[in-house]
Amino acid sequence: MRRAVIIFTAVLGFVLMSLGLGATSALAAGESLQGTLANAGQPVAGVKINVSDESGTSAGTATSAADGKWSVAVKGPGTYKVDLDTTTLPQGVTVTNGRPSLTLTVFEGNARNVLFPLGSAAAPGSKPAESEAPSQFDRVLDLIYTGIHFGLVIALAALGLSLIFGTMGLTNFAHGELITFGALGCFLLNVKLGLPLWLAAVLAVVLGAGFGWFQDRIFWGWLRNRRTGLIGMMIISIGLALMLRYIYLYFFGGDTRQYAEYVAQPGIDVGPLAIAPKNLVMDAVAIVVLIAVSLALTKTRLGKATRAVSTNPALAAASGISVDAIIRLVWTIGGALAALSGVMLALFQGVNYQMGFQVLLLVFAAVTLGGLGTAFGALVGSLVVGLATQLSTLWIPTELKNVGALVVLIVIILFRPQGILGRRERIG
Amino acid sequence: MNWELIFGVSLESLFNATMIAYALAAIGLNVHFGYTGLLNFGQSAFLGVAAYGLAMAVATFGAPFWLGLVIGLLGAVVLALLLGIPTLRLRADYLAIVTIAAAEIIRLLFRSVTLSEWTGGSDGLQRFSDDFYAMNPYSSTLDLGIVSWDNRELWVMTVGWILIAVSLVVVFLAMRSPWGRVIKAIREDEDAVRSLGKNVVSYKMQSLILGGVLGSLGGFVIALSNAAVQPDTYGTEFTFYAYTIVILGGAARVFGPVIGSMIFWFLLAFINALLPELIKNGYIPTWFMTPTQAGAVGYVLVGLGLILLLVFRPQGIFGDKKEVMLDGR
């Protein structure tokens, strides 16, 4: 049968530590069992967990905290039975695999993660309170909306990535860290300094723009002047991404945390869908920003200059455009857009030091799908990726939805390598 | 300060299984990136496919050990064909994005609950290495003062170093053959080679397969030394470290990846052992760095090292600057 419904990470602390995945847990002293309880992306607090050893004597209890985390320190390596007290779960929430009691082995020095998959008792969807299961049509509509919403969020990041690729030729693997930067900045201002979320978000975007400008001012601009090759710069961006990601880990820690406001918000009925107002606000902001940037690219002198640099930097320079200034502007805008994307992403999945890295591949997929370096292609590509991730869950399990998007990427490259909106040019 | 521990751990990582696995991955990557100029960002997938091929064949389907090895190697060849067919005709950055996407697809499939009946989900698989350890000729621990390896580690290391030696001979012979000259010419100027009537795509594909198979040997070493496979071992960071190792040692140099891997793991193990000791003995105040944070510092330094290498010495320790493909696209 499906024996591996038990999910945990960290089997061999050594391997994980050597790969940096378990850098935090593997260094913790002593053995423990730990986990995070979440239902539909939201932490579940106040759930009691009992741990007993092989002889049946209790080895400790824990109650999940506000962030859904629980942890029980145990005496030493051995086999332990972990029971989740189902009566302490919130109403309507159950352990979806029907196994609230697990028997696990803890290795020496191992902080073993235990996962209880939680879900709504009736139907794992957005409307747990409703008695009737949502119809297939409603589900498709819901997925289409979620897909467009997610597509808009990654479109912000993809647009910046595409502009940077277009003007400077750099495949920027450190773009994900610009996304994380926005989310972390917003978290800092909102939670640590207590600013209202909207103000924190605006300031985080400004900080993101500054970060983009700063990166180009002190780093990428310097590399361009040194005439560093494009593939060299691409690998440098991987190094930069690695460095920034672990600097974030150093200061922020490995946990996923939530903003102080708007974490859980009940949906309002929009036609057949129940959508949280925060999502509608995010959609509106994203659409306005995307339209504004698109108009700026097509109508203003600077936008035209940007497109000229994208098409042919040498010719643009010859006609009096300052290529360096344009690239710096693009980095500033790219930083701001990525930060905005990060702020929005964190609103529905929480702030984590590697959130940008995790979404980066989908952003790459979006940019490549639309056609590398074409700004509007990035928008179309993002929507395709958003819809592909969500709608693919109709046929494949939700956990594999990113696989769906990446497969779409490979298939499109196979048949239309220049991307959806890319110009037919020689790329081989 | 427990210097014996710090140096013991660092010296062990000069020769241990992790270093061997990364060296093999880097030898394969060196064939791709160093000699052919292919930007393969999915090297971890080759190791993953080989390791899971072995583990699934033995643990899930009960095949004999040697058949598992054959299946793992075949898996790497098939993966190279699957990756190469759509991308080898395209520009380098497309190959980079498709390979990294494919590696992620494979990792997600390995850890998915749906396939866990065969792959063990995020638990991974165990109990496939008994036949390997049954062949172990060592019976006691080798203790050299500050470093020591038990008999299982010794056996994995012996096999691993033999694999490294064989791989290096293969790479050395391949690259000084006519085939190797075509491969290096493709790195320098693909169009020129094409105009001489060579089938560039076919040569690139052969290089992708050769490098993938060499890398997949590293997958076996990791799987056997842990006696387990676990999907997150084969994430994209694995590939990025392998790149750092190739560039550190010197791209397009036969011994580069091995030396690179030894230096990389020695330094990383040294930092990861030194910092917690410094904190424990009060040389680093805890308001500045906790033992948990010390884990992140090593990786920050890896990133910084990669940047500095490429900016100031892209040819690495042994490489020749003219032979490093960093300009084209």
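Cross-link reach is defined here as a Cα-Cα straight distance under 16 Å, omitting same-chain residues fewer than 8 places apart; for residue A:299 none of the lysines meet it.
Going down the table (A:401/B:198; A:304/A:401; A:278/A:304; A:278/A:401; A:48/A:192), which pairs top 31 Å between alpha carbons? Violating the 31 Å Cα-Cα cut-off are A:401/B:198; A:304/A:401; A:278/A:304.
For trypsin sites (Lys or Arg not before Pro), the sites in the range B:121-207 that DSSP calls loop and that have at most 12 other Cβ atoms within 10 Å are B:127. Counting only residues at least eight positions apart within a chain, or on another chain, the aspartates and glutamates with an alpha carbon under 17 Å from that of residue B:322 are B:188, B:189, B:190. Inter-part distance, the range A:246-324 to the range B:172-200, computed on C-alpha centroids, equals 44 Å. Note on chain B: GNM, Cα springs under 10 Å; of B:64, B:137, B:231, the largest mean-square fluctuation is that of B:137.
Taking a threshold of 22 Å on the Cα-Cα distance, which of the pairs A:81/B:280; B:184/B:204; B:184/B:321 fall above it? Mind dumping the intermediate values first?
Numbers: A:81/B:280 34 Å; B:184/B:204 10 Å; B:184/B:321 14 Å.
Checking Cα-Cα distances, A:81/B:280 exceed 22 Å.
Going by Cα centres, the range A:330-361 and the range B:36-107 are how many Å apart? Cα centroid to Cα centroid, the span is 30 Å. Other residues whose C-beta falls under 12 angstrom from the C-beta of residue A:150 contribute a net charge of 0, scoring Lys and Arg +1 and Asp and Glu -1.
Considering only B:243, B:22, B:94, the Gaussian network model of chain B with Cα springs below 10 Å gives its largest mean-square fluctuation to B:94.
Taking other residues whose beta carbon is less than 14 angstrom from the beta carbon of residue A:321, and scoring Lys, Arg as +1 and Asp, Glu as -1, yields +3. Comparing B:147, B:254, B:296 along the charge dipole axis of chain B, the residue lying farthest to the positive side is B:254, per the Cβ-charge model. When chain B is treated as a GNM with alpha-carbon contacts under 10 Å, the residue of B:273, B:103, B:26 showing the greatest mean-square fluctuation is B:273.
Bear in mind that the values in this text are calculations on the coordinates, not laboratory data. Bear in mind the structure is a predicted one, so any value in this text is a computation, not a measurement. Glycine gets a Cβ as well: all are built from the backbone with ideal geometry, and neighbour counts include every protein chain shown.
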